[in-house]
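The values are calculated or read from the model by the stated rules, or taken from the named source; none is laboratory data. Given the structure is predicted, the values throughout are model-derived calculations rather than measurements. No Cβ is skipped: glycine too gets one built from the backbone with ideal geometry, and neighbour counts run over all protein chains shown. Ligands, DNA and RNA are excluded from the accessible area calculation, which covers all protein heavy atoms including side chains. Shrake-Rupley method; radii C 1.70, N 1.55, O 1.52, S 1.80 Å.
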Amino acid sequence: MLKAAGAAAGAVGVAAALPAAPAAAVGYAHPGLLHTGADLARMAAKVKAGAAPYTAGYARLTANRHAQSGWTANPQATVYRGSGSPQNYAILYNDLHAAYQNGLRFHVSGESAHADTAVAILNAWSAKLTSLAGSADRFLAAGLYGYQAANAAELVRDRPDFELERFQRMLSTVFSPLSESFLTDHNNAVVTNYWPNWDLTAMACVLATGIFCDDGARVEQAVEYFKNGSGLGAVKKAIPVVHDDGLAEWLEAGRDQGHALLGVGLMGTFCEMAWNQGIDLYGHDDSRFLKGAQYVAKWSLGGEVAYTANTRAKGAVGGWSGSETASGAAGVDPAMTRPIWAMIASHYTKRRGLSAPYLTRIAAKAAPEGGGGDYGPNSGGYDQLGFGTLAFTRDRSASTAGGSSTAVSPSPSVPASRAPSPSSSASGAVASGGSAAASVSAGTAGAEAAAANSGGLASTGSTDLVAWTTATGLTALAGGLLLLRRRGRAGGEAE
């Protein structure tokens with residue numbers, strides 16, 4: 001039996017109060033996106049002490065080619081992503097992951113050459129980049145690479161040679177405006193035209209920009225959208241139904257595994273960045289995200305999950321229209337993994353002291369988590385910054401209270417109004433090994449295909465199509481949709 005969306009199915013009161021998110025004092029805490037100063041100090045101390053699993057996580061970092069000092073940036077004035085454009089966005093995401101990985105390696109090892117490399121990469125881009133262009137996929141570029149750029153820069157923002165104000169200007173004028181525009185008008189599409197990942201990339205970019213630039217208006221915009229946004233990235237729309245077993249279905253499980261994993265990773269990233277500024281979105285709406293993440297974890301491990309058929313409207317405002325129905329959870333490849341689980345599992349089980357068995361199992365299976373460059377050569381392998389085993393493994397908080405995954409009482413969120421006043425962001429992570437549950441209503445496929453060919457609304461993250469079909473046996477359908485053929489072998493990831 002299904003509960004109505006938003007219901008706290010099977011909830012039981014927690015015996016003692018759960019710890020509140022760390023409070024934001026005056027302004028925003030820096031460093032304070034995915035990693036606080038305490039987090040960075042913990043990583044360094046644990047690795048120095050030879051503690052497991054930190055040493056295994058750090059070994060993944062040092063082995064990555066992006067984490068080597070001396071990486072030379074290749075900045076571009078305009079970055080293009082999407083059909084009908086001379087795509088060069090891979091240059092940007094490779095450079096950003098090199099900056100992030102070198103910045104993280106500096107904090108763990110103390111070797112200044114890595115900080116110097118990160119600073120040089122980021123300064124080169126802020127000196128040259130002026131625009132993001134392409135088809136609708138330009139919004140993905142803004143969202144994904146905007147939040148990643150901010151996180152890489154946060155690791156070296158206090159270095160004397162880092163051009164902080166110039167980097168803030170780049171985030172505020174090149175990346176975030178596109179993401180804000182997408183959240184406002186969704187590329188002139190009907191509000192449900194784009195799956196949750198599109199909103200989530202934009203939300204992550206706007207939140208990260210707001211924190212990095214000490215811009216309270218952007219932080220408030222992003223947090224409010226998470227709670228009450230009109231698009232499918234808002235938490236109650238991305239996770240529309242809570243079931244009696246305490247799991248909550250993830251909307252994009254009806255699309256494919258890869259995009260569902262991307263969505264969980266993005267929502268976790270969003271919640272972690274907010275938490276580090278005293279805003280508890282992990283616990284929002286009776287910890288709805290926990291229930292959704294547990295659902296995706298169980299499903300990705302090969303477990304059976306319930307799915308309520310979902311039909312969403314598609315099309316352009318004042319233009320073509322249609323609909324798409326996801327009738328059930330797509331098939332999965334249990335060998336598919338992304339570096340998203342350590343952060344989420346550690347928050348709920350260690351910070352909050354809750355039981356999350358599916359998260360615990362899948363995080364252990366994915367460990368030690370790597371980062372960009374470790375999960376395939378295409379863009380989907382760079383959608384998360386990763387290295388969660390190193391960065392997010394933590395000891396259980398002494399102040400946590402026990403409880404089950406369905407017994408979650410959210411801590412009060414710190415109002416976004418506590419943030420300072422304003423000063424005057426899916427992708428190609430498509431799953432392998434399952435059958436698609438989506439179908440296009442009759443009569444709309446041709447219109448959507450035409451829009452895709454013109455770089456319009458239906459250009460929804462399919463720019464790695466050739467690589468996908470070569471690597472995983474994906475079959476393109478009319479209308480730009482993808483049917484995923486069930487494979488007889490395990491392992492591998494499709495992009």
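Using the beta-carbon distance between K128 and R394 and R0 = 45 Å, what value does 1/(1 + (r/R0)^6) give for FRET efficiency, to the nearest 0.05? Walk me through the intermediate numbers first.
Values: r = 38 Å, r/R0 = 0.85.
Approximately 0.75, to the nearest 0.05.
Heads up, I need the accessible area for H284: 1.4 angstrom probe, whole protein in place, Å², nearest 10.
40 Å²
Hey, what's the Kirkwood Rh for segment 31-103 if you take every pair of different alpha carbons, in angstrom? Please list the in-between numbers first.
Numbers: mean 1/r = 0.0689 Å⁻¹.
Roughly 14.5 Å, rounded to one decimal.
Please calculate the 1.4 Å probe accessible area of K298, with all protein chains present, and give it to the nearest 10 Å².
Result for K298: roughly 40 Å² accessible.
Along each of the three principal axes of the Cα atoms of segment 20-153, give the extent in whole Å, ordering the values from largest to smallest.
Ordered largest first, segment 20-153 gives principal extents of 51, 36, 25 Å.
Taking 0.36 nm per intervening residue step and subtracting the Cα-Cα distance, what contour gain separates A113 from V317 on full extension? Walk me through the intermediate numbers first.
Values: separation 204, 0.36 × 204 = 73.44 nm, distance 5.13 nm.
Additional length available on full extension: 68.3 nm.
Which FRET efficiency value, to the nearest 0.05, is calculated for T62 and T184 with the Förster distance at 35 angstrom and r the Cβ-Cβ distance?
On the way: r = 42 Å, r/R0 = 1.21.
Efficiency computed from Cβ-Cβ geometry: 0.25.
For a distance above 15 Å, tell me the whole-number percent of Cα pairs in segment 164-211 that qualify.
In whole percent, the long-distance tail amounts to 43.
Relative contact order for segment 105-231: what percent, with Cα pairs under 8 Å and sequence separation of 6 or more?
Contact order relative to length: 27 percent.
Once fully extended, how much extra length lies between S327 and A364, figured as 0.36 nm per residue of separation less the alpha-carbon to alpha-carbon distance?
On the way: separation 37, 0.36 × 37 = 13.32 nm, distance 3.09 nm.
My answer for the length gained is 10.2 nm.
Give, in nm to one decimal, the length gained when the segment between I91 and A309 is fully stretched (0.36 nm per residue of separation minus the Cα-Cα distance). Each step should come with its number before you reach the end.
Numbers: separation 218, 0.36 × 218 = 78.48 nm, distance 3.93 nm.
Result for the pair: 74.5 nm of gain on full extension.
Could you state the accessible area per residue of segment 35-125 in Å², with a 1.4 Å probe and every protein chain left in place? Can you show the working numbers first?
Values: 3320 Å² over 91 residues.
Accessible area per residue: 37 Å².
What is the sum of charges around W198, taking Lys and Arg as +1, Asp and Glu as -1, for the other residues whose C-beta is under 11 Å from the C-beta of W198? Please report the intermediate quantities before stating the final value.
Numbers: positive: none; negative: D137, D199, E252.
Summing Lys and Arg as +1 and Asp and Glu as -1 gives -3.
Once R0 is set to 45 Å, what does the formula 1/(1 + (r/R0)^6) return for the Cβ-Cβ distance between R166 and D244, expressed as a FRET efficiency to the nearest 0.05? Walk me through the numbers on the way to the answer.
On the way: r = 53 Å, r/R0 = 1.18.
Plugging the Cβ-Cβ distance into 1/(1 + (r/R0)^6) gives 0.25.
Local charge sum around A45 (other residues, Cβ-Cβ under 15 Å, Lys/Arg +1, Asp/Glu -1)? Intermediate values should be presented prior to the final figure.
Working: positive: R42, K46, K48, R394; negative: D39, D395.
Net of charged neighbours comes to +2.
What number comes out for accessible area per residue over segment 245-287 if the probe is 1.4 Å? Units Å², please. Let's see the in-between values first.
On the way: 330 Å² over 43 residues.
Value returned for segment 245-287: 8 Å² of accessible area per residue.
Using only Cα atoms, what is the ratio of the radius of gyration of segment 299-367 to 2.2 N^0.38 Å? Please list the in-between numbers first.
Values: Rg = 17.3 Å, N = 69, 2.2 N^0.38 = 11.0 Å.
Output field value: 1.58.
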